[in-house]
Amino acid sequence: MSGGSMNYIFGRIEEEVVGKLYDKELNELAKDFVKLCYECEWWTSGDTSEEQYREEASKFKKKWLRGNSKERLEEFVSDIFNEAKKEALEMIKE
């Protein structure tokens, strides 16, 4: 199939974002994100293995999401619950 499950978003990000962020580190992050999107799209299109995508995801996380992944996930889940609580309380006020 050769990709397509995500409408080739990696190519658009590469064309529109990479090299245009006026910051060397952010441009490198964008370039690495393009690789991650590419691997995800090729895997979800059936062209490569999930293992190949997961390896790229692991490399990306290790490089860009420093610190304890358990703590990041706990904070992420907490943020989701807090936002849901806020929205629910707003609905009750109406």
Query raised in the report: Taking the range 11-28, which residues are at pLDDT 95 or above and either in a loop (DSSP other than H, G, I, E, B) or hydrophobic (A, V, I, L, M, F, W, C) (or both)?
Result: 13, 17, 18, 19, 20, 21, 22
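Inspect the range 29-36 for any residue being surrounded by 13 or more Cβ atoms within 10 Å (Cβ to Cβ), in a loop (DSSP other than H, G, I, E, B) and modelled with pLDDT of 95 or more and give the result as yes or no.
Narrowing the range 29-36 to residues surrounded by 13 or more Cβ atoms within 10 Å (Cβ to Cβ): 29-36.
Narrowing further to those that are in a loop (DSSP other than H, G, I, E, B): none.
The answer is no; no qualifying residue exists.
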Report task. Being touching a residue at least 12 places away in the same chain (Cβ under 8 Å) and under 14 Å from the mean Cα position of the chain (by Cα) narrows it down to one of 76, 60, so name that one. Result -> 60
Report summary line: Residues of the range 55-79 being touching an Asp or Glu at 6+ places or on another chain (Cβ under 9 Å) and among the charged types (D, E, K, R), in sequence order, are 55, 56, 59, 63
Report task. Can you work out which of the residues in the range 42-57 that are of a type in the set (Phe, Trp, Tyr) and free of Cβ contacts under 8 Å to residues at least 24 places away in the same chain is surrounded by the fewest Cβ atoms within 10 Å (Cβ to Cβ)? Result -> 53
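Filter the range 29-47 down to residues that are hydrophobic (A, V, I, L, M, F, W, C) and within 12 Å of the chain's Cα centre (by Cα) and give me whichever is farthest from residue 14 (Cα to Cα). Steps first, answer last, please.
Our first condition is that a residue be hydrophobic (A, V, I, L, M, F, W, C); within the range 29-47, this holds for 29-30, 33-34, 36-37, 40, 42-43.
This time we only want the ones that are within 12 Å of the chain's Cα centre (by Cα), so: 29-30, 33-34, 36-37, 40.
Details: 29: 11, 30: 8, 33: 9, 34: 6, 36: 12, 37: 10, 40: 15 Å.
Among residues in the range 29-47 that are hydrophobic (A, V, I, L, M, F, W, C) and within 12 Å of the chain's Cα centre (by Cα), the one farthest from residue 14 (Cα to Cα) is 40.
For the subset of the range 37-94 comprising residues that are part of a helix (DSSP H, G or I) and among the β-branched types (Val, Ile, Thr), which member is nearest to residue 7 (Cα to Cα)? Lay out the reasoning, then the answer.
Within the range 37-94, the first condition is being part of a helix (DSSP H, G or I), and the residues that meet it are 37-44, 50-64, 69-93.
Cutting the leftovers down to among the β-branched types (Val, Ile, Thr) gives us 44, 77, 80, 92.
Details: 44: 11, 77: 29, 80: 28, 92: 40 Å.
Checked the range 37-94; the qualifying residue nearest to residue 7 (Cα to Cα) is 44.
The values are calculated or read from the model by the stated rules, or taken from the named source; none is laboratory data. Fair warning: this is a prediction, and the values are worked out from it, not measured in the lab. So basically every Cβ, Gly included, is an ideal-geometry build from the backbone, and we count neighbours across all protein chains shown.
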